[in-house]
Amino acid sequence: MTRMFAIVEREMRKFFRSPMLMIMAMMMPIMQLLIMGNAFGGKIVGARVAVVDYDHGPEAVKIREAFDAIAVNVKTFTTVNYTDENIAREDVRTGKVDGAVIIPKQYSRRVAAQDAPRIGFVADNSDQFTSGSLEAEMQAVVNALTTPVIQPRLASAIALQIVELYPYVNYMKFLLPACIALAMYISVMIGGGMLYIDDKARGVHEGYLVTPITRLELVMGLNMAGAIKAVLAGICITVIGSLMAGLGIIFHPEALLEILCLIVGTAIAFNGMMFLLMVRVEDPLTPRAMFGVLNMLLFYPSGAMYPTASFPWWLRALSVVDPFTYCIHGFKAIILKDGGFQAIGFDLAFLYIFGFGTLLIATPLFKRSL
Amino acid sequence: MMATARANYPDGRPTAIEVAHIVKKYGDFEAVKDVSFSVQEGEIFGLLGPNGAGKSTLIRMMTTLVPITSGSATVAGFDVVKDPDAVRRKIGVIPQALTSDPDLTVEENLSIYAKLYSVPKLERERNINEVLEAVDLIKWRGAQTKTLSGGMRRRLEIARGLVHNPHIFFLDEPTTGLDPVSRIAVWEMLDHLRRTRNLTMLITTHYMEEADKLCDRIAIVDHGVLVALGTPIELKHSVPGANVVEVHFDRETEQWKSRLEALDGVTSVQAESAGYYRVLTSSGSRTTMQLVELAASLGETLTSLSVQNTTLDDVFVHYTGRQLRDEQVKPATFTMPPRPGDKL
């Protein structure tokens, strides 16, 4: 045991003497959380919509008043008056405005006559986010105008009442589990994989191999050190990320314990997987080359960004064996839903079994000689 | 496992290392070919040869780092194949590369290695103090390794190899990359360690001077074969010709080599560069006279002339047919292609 802990001690001393490693391991996930969390999922504000009014009747005025209300309240868009539909259409095409509303001639008369009144909306659907928001606002305006002033005592239409279980989950909160997993992956990749191969290339392992240390002690020492580094990265990013995203979960001891169990399981799983991949690698360039490929192969199929239910069968098969899937599912279950151990039981079981299983395979592959 | 009975040398000292018919193959390539030698306790034994001669492979087999293809090696009485752990406990190894952690302090580097050998805490602290004293790094114990000079780092490597009190010390090219002053300091330190700690040392080197000054006995290895073995004096005496005359003619002609070889007492002539020759002779003074007369009779000028005793360089040339330093610095031969119109 002394020999195993000597390896851990050496790795940890090196780790704390090189704070850049820790910083670099966490910098990318924090930046991702900060930039992607703020860039995605926000509301569209200040779009420009052209209004071509060929009617000028009282119903057209109602529409314009509704647009003005939007412009000063939710501020999704402001309106610009056009006199020619073709010019407005061309300006949507060239990006001068984000959409155009056409109020046709006789619109007010058709409303009064209940003769299939309609208004047109020209949308720039090359930008799904903006056009989707504008379409939603336009639909809300149309619904409001269509609703009768005097409501019937008994509603005849079917209503869907939605009950949201959790407080509003903005994109930053949604992204946090993925960022924790990513920080731990980078820590394992740099602090485990790359340093391990670099040490091999520098001859440090040769120094170990001439001592009486056993293969198991050496493997366990290296992996324990790698797992500790990943746990530290996971804890740091959980605390920083929760504060950034405004999540108070870190102040609940029970949830903290659940998160810690997940972090340790993830560290063991990632480290075991990395050790298995690197156990026979000699060239220091290999882990660097693998870094991006592995990231793509493991991160995106995990459901971190999109639900796995939308994947084709082969991608879903990959997500089933991907430790990222269980790590992210577990973190979401605790951080976003406070689901308790019951919600993460399977994730924990998979991560620990995967971690120790990969180590079990890697240990006999580890060469005790050069 | 019990150590096997060790043969004693005629002077009573037991054998520390016994290598018998050892072979190492990498696929079809034979890196070490049927090498046998033994090293007695307290001896500094040198493996001399150019890069790629098989020295490091030999040392790696003896230190359990590389499996032996055939033959046997016994270190400190233990078979390296059958009982590698017992061998590892008895040896200290300094690899060719500097492998101490630059981010750790001198003391931390030593402490971690002592722990790898399971040295108990009190003994560990005592040993660290002793080895730091021995390699003169006591003032630097708290310094980060990356702040040390190359010579000091090499001394730290040596201290690291000694921190568990080994009986046998393997050093793979311990002075490679050091400046001449640091190199001499390392030689003195190793000699001191041998005397004070009664260490057996096996050193690989491609420096003739290092082998000459430091080693009690030297084995010359070339292309995986042990070509000569003996004390430096024995090896020098084994070469025909007691002296080396180095002569530099003003002008190079094709006949110099054959003319020099024809002189009385000359055993071999080696062309070093244009007009520069190393002549092995049984009588330095007589050959010098003949050289002066030869140059005068041909109307040639001698730029320089020196006489010295046979060196290990000459021994190496004698046994391998080429110079050791040629292997390290020989530039690629390049012949200019003929110009258009030149007669071929």
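Computed from the coordinates by the stated procedures, all read-outs in this text should not be read as laboratory data. Predicted, not measured: the structure shown is a model, and the values here were computed from it. Cβ sites come from the backbone with ideal geometry, for glycine too, and all protein chains shown count toward neighbours.
What to note about this one:
- Antiparallel DSSP beta bridges within the protein assembly as shown, as percent of all bridges there, nearest 5: 60
- Neighbour net charge for A:K173 - beta-carbon separation under 12 angstrom, K R +1, D E -1: +2
- Across the range B:157-245, the convex hull enclosing all Cα atoms gives 133 Å³ per residue.
- Here's the picture: a label point sits 7 Å out from the Cα of B:K257 along the beta-carbon direction, and within the range B:279-297 the residues with their amide nitrogen under 14 Å of it are B:279.
- Sites A:A144 and A:T94 - FRET efficiency at Förster radius 25 Å, r taken between beta-carbons, to 0.05: 0.20
- Ranked for footprinting exposure by Cβ neighbours inside 10 Å, fewest first, A:I335, B:I112 give B:I112, A:I335.
- Neighbouring Cβ atoms from other chains, within 10 Å of the Cβ of residues in B:110-119, number 6 on average.
- Across A:K62/A:K96; B:K25/B:K55; B:K90/B:K121; A:K43/A:K173; A:K75/A:K96; B:K24/B:K82, pairs whose alpha-carbon gap is larger than 23 Å: A:K62/A:K96
- Degrees, to the nearest 10: B:150-162 long Cα axis against longest axis of chain B: 50
- Estimated translational D of chain B in µm²/s (Stokes, Kirkwood radius over Cα pairs; 37 °C; 0.692 mPa s): 145
- About the centre of its Cα atoms, the protein assembly as shown shows a dipole size close to 1300 debye [charges on the beta carbon of Lys, Arg (+1) and Asp, Glu (-1) only; nearest 20 debye].
- What the Kirkwood sum gives for the range B:240-309 is a hydrodynamic radius of 11.6 Å, with every pair of different alpha carbons counted.
- Count Lys and Arg as plus one, Asp and Glu as minus one, and take only other residues whose Cβ is under 9 Å from that of A:V74; the net charge is then +1.
- Note on B:I184 and A:A155: their simple-model spin labels are 10.0 nm apart, each label 7 Å out from Cα toward Cβ.
- Gaussian network model of chain A, springs between alpha carbon atoms under 10 Å - residue of A:D98, A:D322, A:D347 with greatest fluctuation: A:D98
- When you restrict to C-alpha pairs under 8 Å that are six or more residues apart and normalise by the size of the range B:240-309, the relative contact order lands at 47 percent.
- Neighbour counts of C-beta atoms inside 10 Å place A:C261, A:C327 in the sequence A:C261, A:C327, starting with the fewest.
- The mean number of Cβ atoms from other chains found within 10 Å of a Cβ in peptide A:7-19 is 3, as a whole number.
- For chain A, Kirkwood radius (reciprocal of mean inverse C-alpha pair distance, Å): 24.7
- Summary of packing: across the peptides A:198-204, A:351-357, A:307-313, the per-residue average of other C-beta atoms within 10 Å ranks them, highest first, as A:351-357, A:198-204, A:307-313.
- Listed residues B:F37, B:F170, B:F316, most fluctuating in chain B (Gaussian network, C-alpha, under 10 Å): B:F37
- Axis of helix A:85-94 versus longest Cα principal axis of chain A: the two differ by about 10°, to the nearest ten degrees.
- Scoring A:123-131, B:206-214, A:271-279 by mean Cβ neighbours within 10 Å over their residues and listing the highest first yields A:271-279, B:206-214, A:123-131.
- ³J(HN,Hα) computed for each position of the range A:104-121 - Karplus, 6.51 cos²θ - 1.76 cosθ + 1.60, integer Hz, glycine/proline x: x, 4, 6, 4, 4, 5, 5, 4, 4, 7, 6, 10, 6, x, 8, 10, x, 10
- With 0.36 nm allotted per residue and the present C-alpha distance subtracted, the A:R64-A:N38 stretch has 6.2 nm of extension available.
- Ranked A:R110, A:R118, criterion: other C-beta atoms within 10 Å, fewest first: A:R118, A:R110
- Shielding value for B:60-69 is 3, the average number of Cβ atoms from other chains within 10 Å of each residue's Cβ.
- Counting only alpha carbon atoms, the long axis of helix B:284-298 and the longest principal axis of chain B meet at about 40°.
- Note on A:E282 and B:D28: their simple-model spin labels are 1.9 nm apart, each label 7 Å out from Cα toward Cβ.
- Annotation for A:V72 and B:R141: the two label points, set 7 Å from Cα along the Cα-Cβ direction, are 8.1 nm apart.
- Whole-Å distance, taken between Cα centres, linking the range B:197-264 and the range A:1-75: 74
- Amide H to amide H, with H built 1.01 Å from N, B:L171 comes under 5 Å of B:I94, B:L202, B:I203, B:T204, counting only residues 5 or more places away or on other chains.
- Cβ-based net charge around A:G192, under 12 Å, with every Lys or Arg adding one and every Asp or Glu removing one: -2
- Of B:A114, B:A295, B:A143, the residue with the greatest mean-square motion in the GNM of chain B, using alpha carbon springs below 10 Å, is B:A295.
- Once the Cβ-Cβ distance of A:R316 and B:N165 is raised to the sixth power relative to R0 = 60 Å, the FRET efficiency obtained is 0.50.
- Extent along principal axes [Cα atoms of the range A:47-143; Å; largest to smallest]: 37, 29, 20
- Gain in span if fully extended, A:N86 to A:Y171, counting 0.36 nm per residue against the direct Cα distance: 26.7 nm
- Size estimate for the protein assembly as shown follows the Kirkwood approach: the inverse of mean 1/r over distinct Cα pairs works out to 32.7 Å.
- For the pair the range A:327-361 and the range B:131-189, the centres of their Cα atoms are 49 angstrom apart.
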